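Written out below as structure tokens is the structure these notes cover.
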Amino acid sequence: MTLTLELTPEEMRRIEAARDKGFDIRGLIRGLIAGLPEPPAASSPVASLNEKDQSALAWLETRLSQALTDPDEIAKADAELRELLENLNANRVAAGERPIFPE
């Protein structure tokens, strides 16, 4: 593949000076390209998302992989949550405030 790059006269002078000093300009450019991140697979729907959305999806995938699937564990977690909300409401009532969590 051939790539044409428009350079300013100053950029050309710098490249010519570097080449005169023995720098391998093609090697430098290829090294820069090799350091670029791999593009995502074209068939992936995630490939078209911006970096922020991709990060959000990765976070969700992590959370889903940690999600409870055992019915007994889910029931236990639900009971713990109900108890926490009841205690928070009780503290609010004791302080003369209205409860904020539905019962």
**Item:** Residue satisfying all of: in the stretch 54-103; among the charged types (D, E, K, R) and under 28 Å from the mean Cα position of the chain (by Cα); farthest from Pro39 (Cα to Cα) among these
**Value:** Arg63
**Request:** Consider Asn50 carefully, then state whether it is out of contact with any Pro (no Cβ under 6 Å at 6 or more places or on another chain) and surrounded by 10 or more Cβ atoms within 10 Å (Cβ to Cβ).
**Result:** no
**Request:** Taking only the stretch 72-103 into account, find how many residues are among the acidic types (Asp, Glu) and not in a helix (DSSP H, G or I).
**Result:** 2
**Request:** Confirm whether Leu64 is part of a helix (DSSP H, G or I) and open to solvent by less than 100 Å² (accessible area, probe 1.4 Å).
**Result:** no
**Request:** Output yes when any residue across the stretch 68-91 is modelled with pLDDT under 85 and of a type outside the set (S, T, N, Q), and no when none is.
**Result:** yes
**Item:** Residues (of a type in the set (A, V, I, L, M, F, W, C) and either in contact with a strand residue (DSSP E or B) (Cβ under 6 Å, 6 or more places away or on another chain) or surrounded by fewer than 11 Cβ atoms within 10 Å (Cβ to Cβ) (or both)) located in the stretch 67-92
**Value:** Ala67, Ala79
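The values are calculated or read from the model by the stated rules, or taken from the named source; none is laboratory data. Remember, it's a predicted structure, so these values are computed and weren't measured experimentally. Don't worry about glycine lacking a Cβ; one is built from the backbone with ideal geometry, like all the others, and counts go over all protein chains shown. Please note that ligands, DNA and RNA were not included when accessible areas were found on the heavy atoms of the full protein model with its side chains. Shrake-Rupley method; radii C 1.70, N 1.55, O 1.52, S 1.80 Å.
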